[in-house]
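Visitor: Quick one: the structure is below, and I'll ask about it shortly.
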Amino acid sequence: MRWLLAAIVLVLSVATSAAARAPQISVDEPRAFGYFLGDVLSRRITVRLGAGQELDSASLPRPGPLNYWLEISRVDHAEKSEGDATVHTLDLTYQTFYTPLDPRRLTIPGVKLKLQDDSELTVPEFSFITSPIRQLFASASQSTGSAVDLQADLPAPRLMTGTERTALLVSALSALIGLIGLAWHYAWWPFNKRPARPFTEASRYLRLNAAKLDGVGGYRDALLRLHRAFDVAAGRRVLADDVPSFLGQHPEFERLRSGIERLFVASRRAFFANDVEEARGEMPVSELVALSSELGAAERRAS
Amino acid sequence: MRDWLQKLLPRAGSVKGGLLKALLAVGVVGCVISGSLLYSKMRINATIDRLRAGADVEVDPASAAPAVLDARAAYLLRRNRIDEAQPMLDEAGERADAAVNVRMLYNMANARLRAAIKAIEQGNYDKAIPLVTLAKAEYRSALRLDPEHWDAKYNLDVAMRLVRDLPQAVGEDEEKPLETPEKLWTDLPGAPKGLP
């Protein structure tokens, strides 16, 4: 009984170790029908080798013609180890140039792979059905008429310029954004502050509020507005005595000298002599409005 | 958090000018590069347009762009000027991408096949056979680069029926490989059984 058990164990262990050592080969085949001339077929051959076994890389098929109608166009070989086994993946791409007159079965020959210990693995042959792409008898003669009508020449296409156009647009836009941003940042041309127009502003205020300013407080207010405009235009306080020098610096107002002098006289009366009524007699609000609008017009003409 | 922001903000203000300058510089460089690329492409397209319109524009194969080689070869081959087109193909084989090469090979093979058909119609078979063989080789080259080129498949089929590919080696039968001699022996009737 004991020896029987031992024998079974021995047989089993031999069997399993032999199974582990035997190279395993499997092939993923493409479809076996429906091919025309020029079509490609891809076969994936997976070889699983045990420990100590090595594939002789010289026995791998190489790209090139196999016979007058079949070529190997690509061979991709990959190798990876799984435990102590090695898995080789061999992708063979064939191209058929057979021109059948009727559907017929063709055979891709098998591949013999050698191991380093000179034993051989055989990848089985593969057969497929290829079909013609033209009718057999197009016309009475094979050398004239529609039998030799060719597909037309292909015209050379123009180059696509879409990418360059888009790149040009994008870079032009970014340059523009950069330029506008810099102009804004450094207060260049469109963003430099316009010079102030004090007389225009004062004239606008007086014109819009002429009715409201026709009182004692309002008259002072109107005078003050005009004074502030003179101050801003001159860049300093302008008093009655400064009028000649102001007009020397701003000759555009020279034409209005008499009006300006009357304004300063009225202003002196209103503020220093505290006699607003007299001042209003000297120069009523309507005249102030007229003077301010003339000053504004002269200011705009000058700049 | 606020202190940190306040510390950061003035620095951001000083960085802004630099960023804007960099943006402007990148934009200008991009404009110059893409503009010059666009200009050269538009010049190539102008040449292609003239060739397609039928103008006989001379092209130097050594310096022309692949697209111009393509257009020039198409122009020449449509007029059956095969010998003049050959330098364009040779040059394109070195420089052009697969799509251009496929088109040029296909057009060249078409021109050869047209010449061969003309020769066959005149009964000049000695001239026709090498032309068809060359055309077949060029269709094959085109199909190697683009196996889905249906026009090339069709025209290769036409060429194959004019001059058929045949097995080169004697005895290489494509349908049924020859049976081995051993098999032949055993199947033979009246094989010697060993007795006189």
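Just so it is clear, none of the values below were taken in a lab; they were calculated from the coordinates. Worth saying up front: this structure is predicted, and the values here are computed from it rather than measured. With ideal geometry, Cβ positions are generated from the backbone for all residues, glycine too; neighbour counts draw on all protein chains shown.
Visitor: Can you figure out the FRET efficiency of B:I129 with B:D90, using R₀ = 35 Å and their beta-carbon distance, to the nearest 0.05? Please list the in-between numbers first.
Guide: Values: r = 24 Å, r/R0 = 0.67.
That gives a FRET efficiency of 0.90.
Visitor: Follow-up question, since we're still on this one. Considering only the other residues whose Cβ falls under 12 Å of the Cβ of A:E79, what net charge follows from Lys and Arg at +1 and Asp and Glu at -1?
Guide: Charge balance in the 12 Å sphere: -1.
Visitor: From the gyration tensor of the Cα coordinates in chain A, what semi-axes in whole Å does the equivalent ellipsoid have, largest first, with each one equal to sqrt(5λ)?
Guide: After scaling each eigenvalue by five and taking roots: 110, 35, 17 Å.
Visitor: List the trypsin sites (Lys or Arg not before Pro) in region B:27-88 that DSSP assigns to loop (not H, G, I, E or B) and whose Cβ has at most 14 other Cβ atoms within 10 Å. Which are they?
Guide: Those satisfying the criteria are B:R79, B:R81.
Visitor: Continuing with this model, one more query. Using only the C-alpha atoms of region A:148-297, find the volume of their convex hull and express it per residue in Å³.
Guide: 215
Visitor: Quickly work out the A:D241-to-A:T89 label distance, labels modelled 7 Å from Cα along the C-beta direction, and quote it in nm with one decimal.
Guide: Going from the A:T89 label point to the A:D241 one covers 10.3 nm.
Visitor: Hand me the chymotrypsin sites (Phe, Trp or Tyr not before Pro) from region A:15-89 located in a DSSP loop with no more than 15 other Cβ atoms within 10 Å, in residue order please.
Guide: Here the sparse-neighbourhood loop sites are A:F33, A:Y68.
Visitor: Using the Kyte-Doolittle scale, which helices in chain A average at least -0.5 and also have C-alpha atoms spread 18 Å or more along the helix axis, with helices defined as whole DSSP H runs?
Guide: Helices meeting the criterion: A:2-21, A:162-185, A:216-234, A:257-271, A:285-302.
Visitor: Rounded to the nearest angstrom and ordered from largest down, what semi-axes does the equivalent ellipsoid of region B:25-165 get from its C-alpha gyration tensor (root of 5λ)? Walk me through the numbers on the way to the answer.
Guide: Numbers: eigenvalues 249, 54, 23 Å².
Output for region B:25-165: semi-axes of 35, 16, 11 Å.
Visitor: For a paramagnetic label modelled at 7 Å from the Cα of A:R74 toward its Cβ, which residues of region B:115-154 fall within the zone defined by backbone nitrogen distances under 11 Å?
Guide: Answer for this model: B:147.
Visitor: How do B:Y139, A:Y98 rank when sorted from fewest to most other Cβ atoms within 10 Å of their own Cβ?
Guide: Starting with the residue having the fewest Cβ neighbours, the order is A:Y98, B:Y139.
Visitor: Enter the mean number of other protein chain beta carbons within 10 Å of the beta carbon of each residue in A:166-174, as an integer.
Guide: Shielding by partners across A:166-174 averages 6.
Visitor: If r is the Cβ-Cβ distance from A:L66 to A:D28 and R0 is 25 Å, what FRET efficiency results, to the nearest 0.05?
Guide: 0.80
Visitor: With a/c under 1.5 counting as rounded, go ahead and sort region A:21-132 into rounded, prolate or oblate using the C-alpha gyration tensor (a ≥ b ≥ c being the square roots of the eigenvalues; past the cut-off, prolate if a/b is larger than b/c, else oblate).
Guide: In terms of gyration-tensor shape, prolate.
Visitor: Taking neighbour counts of Cβ atoms within 10 Å as a proxy for exposure, in what order, fewest first, do A:T122, A:T93 appear? Present the calculation step by step, with values, prior to reporting the outcome.
Guide: Values: A:T122 10, A:T93 18.
Ordered from fewest to most neighbouring Cβ atoms within 10 Å, A:T122, A:T93 come out as A:T122, A:T93.
Visitor: What does the average come to when, for each residue of peptide B:140-148, you count the partner chain Cβ atoms lying within 10 Å of its Cβ?
Guide: Other-chain Cβ atoms within 10 Å of each residue's Cβ, averaged: 4.
Visitor: Follow-up question, since we're still on this one. Report, in deg cm²/dmol and to the nearest 500, the calculated mean residue ellipticity at 222 nm for chain A, where each DSSP H run with n ≥ 4 adds -39500 (n - 2.57) and the sum is divided by the residue count.
Guide: It comes out at -13000 deg cm²/dmol, rounded to the nearest 500.
Visitor: Can you list which of the GluC sites (Glu not before Pro) found in region B:57-113 are DSSP loop residues with at most 15 other C-beta atoms within 10 Å?
Guide: Those satisfying the criteria are B:E58.
Visitor: So for B:S63, A:S203, A:S73, fewest C-beta neighbours within 10 Å to most, what's the order?
Guide: Working: B:S63 8, A:S203 25, A:S73 17.
In order of increasing Cβ crowding within 10 Å: B:S63, A:S73, A:S203.
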